[in-house]
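This report refers to the structure that appears directly beneath it.
The values are calculated or read from the model by the stated rules, or taken from the named source; none is laboratory data. Source: prediction; values computed, not measured. Heads up, the Cβs are rebuilt from the backbone with ideal geometry, glycines too, and the neighbour counts pull from every protein chain shown.
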Amino acid sequence: MLGDMAVAGAAAVAMTAILATRESLHGLMARIAWAELRSALVLLSMT
């Protein structure tokens, strides 16, 4: 029960937004190639 409530709230809002847009995200994932997805993940992890 220890932790920062603001971080928990921000994570909850982010997960709700992701779940709300899951249908459009599934469409995007169907159109994107594995190499493009991997490149985006590498770029995000570098930043």
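Do you know which of the residues in the stretch 28-47 that are of a type in the set (S, T, N, Q) and closer than 20 Å to I18 by Cβ is farthest from the chain's Cα centre (by Cα)? Spell out the reasoning first.
The initial filter retains those residues of the stretch 28-47 that are of a type in the set (S, T, N, Q), namely 39, 45, 47.
Next, from what is left, pick out any that are closer than 20 Å to I18 by Cβ: 45, 47.
Working: S45: 12, T47: 15 Å.
For the stretch 28-47, the residue satisfying everything is T47.
Modelled with pLDDT of 90 or more and under 13 Å from the mean Cα position of the chain (by Cα): does that describe M15? Steps first, please.
Working: modelled with pLDDT of 90 or more: yes; under 13 Å from the mean Cα position of the chain (by Cα): yes.
For M15, the condition - modelled with pLDDT of 90 or more and under 13 Å from the mean Cα position of the chain (by Cα) - is met.
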